[in-house]
Amino acid sequence: MKNKYCAIYLSGTGNTRFCVSKLAKMLDENAPVVAIEDGEAVSTISAYDNVILGYPVQFSNAPKVVRDLITENVDLWKGKNVLCLATMGAFSGDGAGCAARLLKRCGATVLGGLHIKMPDSVCDSKLLKKSKDENMSIIKRAEEKIERTALQIMSGKFPRDGLGIFAHAAGLFGQRLWFYGKTKRYSDKLKINEALCTGCGNCARVCPMKNLTVENRAAVPHGKCTMCYRCISLCPQKAITLVGDEVVEQYRIENFIP
Ligand SMILES: Cc1cc2nc3c(=O)[nH]c(=O)nc-3n(C[C@H](O)[C@H](O)[C@H](O)COP(=O)(O)O)c2cc1C
Ligand code: SF4
Ligand code: SF4
């Protein structure tokens, strides 16, 4: 009999949602696929033994809201079997391992780790920007890796991306040690260009953290940003930035996948 899974994910610009949905549907066509900000994430996890937990790597770490979902619900994870799926633009070393280590401490069994390279979502930095064709090829390779991995899992072999000691060292010394400050807390670094902002409220509607409000016809951030880049990629005025000071190229998976 096939195993029953549920899938929970954070996805700012759609990459992780796309990868997690594809894997979950291949492993269990009835798997619920639930966004972390959805009020049903915790109750869904508690109802399933097998969980796919997906998130985008941020500075070689798991996003703060994902770490909080684990550490603020310790009892939820006891006895769960979890597959960590981390999407990334280039490299993370131990992207899957970051959540896997926390989960183990909470009593979960880590089934495996899967790293999927996807287009970069940081739309206010020129670094890692690719042409549309290159991004299409990256997504195609990602789909192929997910298909291959699903077949291996169905035959009992789980991937081990990001879980070994060398991956841990690569993530730690390659990035996390230098950038840990950026992911330690929720960010208060989101910037609104008030000269561009029209107060349309789109950012406030889409933010998974409810971190934005509109006051006096301008968006106001409240210091609880999990750096997902959703508002930045969806602001019609390109008025929001975080890492950089100017929106270079807004990204979302829907521009590539119909
Ligand atoms: C704040 C931030 C930091 C990131 N840091 C990394 C990183 O350290 N390594 C990497 O390979 N990709 C990094 N990325 C790229 C994303 O992990 C990647 O594009 C991911 O697939 C986005 O997923 P999403 O569309 O589900 O949000 C970063 C993205 C953001 C927004
Ligand atoms: S989406 Fe952009 S223009 Fe609209 S309120 Fe937010 S920052 Fe302002
Ligand atoms: S403020 Fe923007 S980048 Fe931060 S969590 Fe909300 S949608 Fe994501």
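Read the figures in this text as sums done on the coordinates, not as results from a lab. Note that the structure is predicted; figures quoted are calculated from it, not measured. Every residue, glycine among them, receives a Cβ derived from its backbone with ideal geometry; neighbour counts consider all protein chains shown.
Note that region 38-161 carries a Kirkwood radius of 15.4 Å, evaluated over its alpha carbons pair by pair.
Centroid-to-centroid, using Cα positions, region 208-258 and region 50-127 are 22 Å apart. Divided by 2.2 N^0.38 Å, where N counts the residues, the Cα radius of gyration of region 165-208 comes to 1.83.
Each principal axis of the Cα cloud of region 191-255 was taken in turn, and the coordinate range along them, longest first, works out to 31, 24, 21 Å. With each label modelled as a point 7 angstrom along the Cα→C-beta vector, the Leu151-Ser43 pair spans 3.9 nm. Estimated from the Cβ-Cβ distance and a Förster radius of 35 angstrom, the FRET efficiency linking Thr109 and Arg141 is about 0.75.
Residue-wise HN-Hα couplings along region 193-207, as the Karplus relation 6.51 cos²θ - 1.76 cosθ + 1.60 with θ = phi - 60° gives them from phi, are 7, 5, 6, 9, 5, 9, x, 5, x, 4, 4, 5, 5, 8, 5 Hz; Gly and Pro carry x. Kirkwood radius for region 126-209, taken over all pairs of different Cα atoms as the inverse mean of 1/r, rounds to 17.8 Å. Mean separation of Cα pairs under 8 Å and 6 or more residues apart, divided by the residue count, gives region 110-258 a relative contact order of 29 percent. How large is log10 of I(q)/I(0) for the chain at q = 0.14 Å⁻¹ when the intensity is taken from the Debye formula with one equal scatterer per alpha-carbon? Each listed q maps to, in turn, -0.94.
Report for region 5-182 the percent antiparallel among DSSP-assigned beta bridges with both residues inside it, nearest 5. Don't skip to the answer; put the middle values down first.
On the way: 1 of 25 bridges.
For region 5-182, the DSSP antiparallel bridge percentage is about 5.
Could I have the simple spin-label model distance between Val206 and His222, label points 7 Å from Cα toward Cβ, reported in nm to one decimal? With each label placed 7 Å out from Cα toward Cβ, I get 2.0 nm. Cross-link pairs exceeding 23 Å in C-alpha to C-alpha distance, out of Lys4/Lys104; Lys129/Lys191; Lys22/Lys80; Lys157/Lys184; Lys104/Lys157, comprise Lys157/Lys184.
So for region 10-62, Kirkwood radius off the Cα pairs, Stokes-Einstein at 4 °C and 1.567 mPa s: how many µm² s⁻¹?
Answer, rounded: 110 µm²/s.
Remark on Met227: its backbone amide H falls under 5 Å from those of Ser187, a criterion applied only to residues 5 or more positions apart or on other chains, H modelled at 1.01 Å from N. Here r is the Cβ-Cβ distance between Lys130 and Lys189 and R0 is 22 Å; the resulting FRET efficiency, rounded to 0.05, is 0.30.
Dividing the Cα radius of gyration of region 84-127 by its Kirkwood radius returns 1.10 for Rg/Rh.
Normalised by the residues of region 5-182, what does the relative contact order come to in percent, with Cα pairs under 8 Å and at least six apart? Display every interim value, and only then the final one.
On the way: 337 pairs, mean separation 40.2, N = 178.
Normalised by residue count, the contact order of region 5-182 is 23 percent.
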